[in-house]
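S.K.: Pasting a structure here, questions to come.
The values are calculated or read from the model by the stated rules, or taken from the named source; none is laboratory data. Note that the structure is a prediction, hence the values are computed from the model and not measured. Methodologically, a virtual Cβ is constructed for each residue, glycine included, from the backbone with ideal geometry; neighbour enumeration extends over all protein chains shown. The protein model used for the area step is the full one, side chains on, heavy atoms only, and it has no ligands, DNA or RNA in it. Shrake-Rupley method; radii C 1.70, N 1.55, O 1.52, S 1.80 Å.
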Amino acid sequence: MRGKASALILGFLVVLLIVQECRSKKHRPNFVFILADDLGWNDVSWHNPDVISPNLQELHDNGISLHQHYVQPICTPTRSALLTGFYPYKLGRQGDGIEPLQPTGLNLDKKLLPERLKPLGYSTHMVGKWHLGFCNWAYTPLRRGFDTFYGKYLGSGKYFQHTRMSGYDFRDQEEIDRSARGKYSTTLFGNRSVEIIRKAAAARTRNPFFLVTSFQTVHKPMEVPQKYVDLYPESLPLAIRKRYAMVTAMDEAVGDMVDALKDEGLFDETIIMFTSDDGGKEFNEGTNFPLSGGQGSIWEGGTRTAAFVHSPALGNYNHTEIFHVTDWYKTILSAAHKGIKAGEFVEEKEEEEEVEEEEELAGDGMDQWDALALRKSSPRRWMIYNLNVLEDGTVEGGLRRGQFKYMIGSEARRGDETGPWLFNIDHDPTEQHNLVDLLPEMTKYMHTELEMRAKSSVPMDEPKTSLGGLPDNFGGDWAPGWCAAPE
Ligand SMILES: *[C@@H]1O[C@H](CO)[C@@H](O)[C@H](O)[C@H]1NC(C)=O
Ligand SMILES: *[C@@H]1O[C@H](CO)[C@@H](O)[C@H](O)[C@H]1NC(C)=O
């Protein structure tokens, strides 16, 4: 009798201790960052009713629509900005994407977002396309803060065969994964993301997780299972049916991820973010409609993406202020620090953490967490679209200040003209009315500002290609081990 009673009391105490432990521990949200590739403004159903993307649509409609979400005009630069919180022109990444045989990678002196989340107890996962360098193991995801990696090191490749030129490029952790061959990458990436979510839920510790799911969709080559193409009317040109079909396949994968989060009871404590890495290719007619320009340009069509952030605790509304891709770094960290309580986001901070963050967190991003979660006004009033200094000292690029946008140079080309251009984006989002002659003072001010910012730029990092990286040297696979990593 006495034994039973003391066991009962002991049991009660244990329960009490566990409850105490849960109370004192901050409940950190999970993050699922979904990245599409070359997806145009007009390639999602909330901008274009021809596109079938019900799962993304539902997240968008129930989440925060990011009406002015900006990225870089090209893939590698956007991914660099996302994971470092720095403008690419300060990293040497303001140029083109990293080519397969270019012996370089994302700056090793920068601490990437997953490296900052791990000390907070997060498990960190990268699924899909990396495209931030792989010539040395030091550049690859598992050496940059990710616990797991599943996908491709290169910037593009075939969707079923996973080859680029003749080389095979598909890995699970650091091993080549041949079982992926013949399977559609979008589905593989969705399935692995589901697996990660289920494992995180099953883990005894229930640590929060940070998952980046980086689809190839809709980067060329235009490959997609026929069943998705068949969903679209034959009256549409085949190229367009294929592109939309690729979006629908991605949408299905996103739907599977959402179902897994709901099944596992994680949906309420997860923040889902969605954007493309740049605008659609201009030659794909209508892909960025009604915006001007496309991928590779700093016109709105190249840099302004269909984007949202979703969590049941955030509610739904239209965030119309400027949000730049560098902002995710501090915004995500801020959300991780502040945490969730009973389905609501809390404002309190841990004092020590705050001090540490202020010391450490350099970069160009701004913490927009309070703007998103508490609907306070955004701290961001201006941004750089891109910036580069030519050999002769000429400054090229684009700058936004409030409603005004100024741009000049090769990425601002329209036909034969390279600017300068000055637009009022609030009144003229499709960039039809050049205000340069009308507002000479403003034009001059913006150019001076761009030149001032250029003082903190570093030269483009565009090393000559090295044949050492050819797959022939690695048994037919794309593999690390053919460049030195800088100290
Ligand atoms: C993805 O997961 C689904 C559901 O478990 C499964 O039916 C399908 O075969 C998987 N696809 C691939 C390509 O692994
Ligand atoms: C958000 O607000 C802007 C500006 O008022 C509007 O043009 C846009 O259609 C709105 N977006 C949504 C999804 O409601």
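S.K.: Kindly provide log₁₀ I(q)/I(0) values, in the same order as q = 0.07, 0.08 Å⁻¹, from the Debye equation applied to equal alpha-carbon scatterers of the chain.
M.R.: With one equal scatterer per Cα and no solvent, log10 I(q)/I(0) is -0.37, -0.48.
S.K.: Starting from the exponent 0.38 and prefactor 2.2 Å, build the expected Rg for region 170-209 from its residue count and divide its actual Cα Rg by it.
M.R.: 1.39
S.K.: Can I ask one more? Can you give me the Kirkwood hydrodynamic radius for region 134-276, using every pair of distinct Cα atoms, in Å to one decimal?
M.R.: Kirkwood hydrodynamic radius for region 134-276: 16.6 Å.
S.K.: Share of antiparallel DSSP beta bridges in the chain, in percent to the nearest 5?
M.R.: 50 percent
S.K.: Looking at TRP299, PRO312, GLY339, which one has the Cα that reaches farthest to the positive end of the dipole of region 269-343 (charges on Cβ: Lys, Arg +1; Asp, Glu -1)?
M.R.: Of TRP299, PRO312, GLY339, it is GLY339.
S.K.: Could you list, in their original order, any pairs among LYS111/LYS262; LYS199/LYS376; LYS118/LYS183; LYS118/LYS464; LYS158/LYS242; LYS281/LYS376 whose Cα atoms are separated by more than 26 Å?
M.R.: In this structure, LYS111/LYS262; LYS199/LYS376; LYS118/LYS183; LYS118/LYS464; LYS281/LYS376 exceed 26 Å between Cα atoms.
S.K.: Which trypsin sites (Lys or Arg not before Pro) in region 432-478 pass both tests, a DSSP loop state and at most 16 other beta-carbon atoms within 10 Å?
M.R.: LYS464
S.K.: If you don't mind, another one. Give me the compactness ratio for region 229-319, meaning the Cα radius of gyration over 2.2 N^0.38 Å.
M.R.: 1.32
S.K.: 222 nm [θ] for the chain, helices only, -39500 (n - 2.57) per DSSP H run of 4+, per residue, to 500?
M.R.: -9000 deg cm²/dmol
S.K.: Same structure again: Round to a whole number: what % of the accessible area of region 182-312 belongs to carbon and sulfur, probe 1.4 Å?
M.R.: 50 percent
S.K.: On to the next question. On average, how much accessible surface per residue is there in region 93-156, in Å², for a 1.4 Å probe, leaving out ligands, DNA and RNA?
M.R.: The answer is 26 Å² per residue.
S.K.: Is the C-alpha gyration tensor of region 68-112 telling us rounded, prolate or oblate? Criteria: a/c under 1.5 is rounded; beyond that, a/b larger than b/c is prolate, otherwise oblate.
M.R.: oblate
S.K.: In square nanometres, what is one fourth of the surface area of the convex hull spanned by the alpha carbons of region 398-463?
M.R.: 5.5 nm²
S.K.: Also, I was wondering about something else. Go from 0 up to the bin containing the longest alpha carbon distance in region 88-176, width 10 Å each, and give me the % of pairs per bin.
M.R.: Pair shares across the bins are 16, 47, 31, 6, 0.
S.K.: At 20 °C and 1.002 mPa s, what whole-number value in µm²/s does Stokes-Einstein give for the translational diffusion of region 23-125, with Rh from the Kirkwood sum over Cα pairs?
M.R.: This corresponds to a translational diffusion coefficient of 129 µm²/s.
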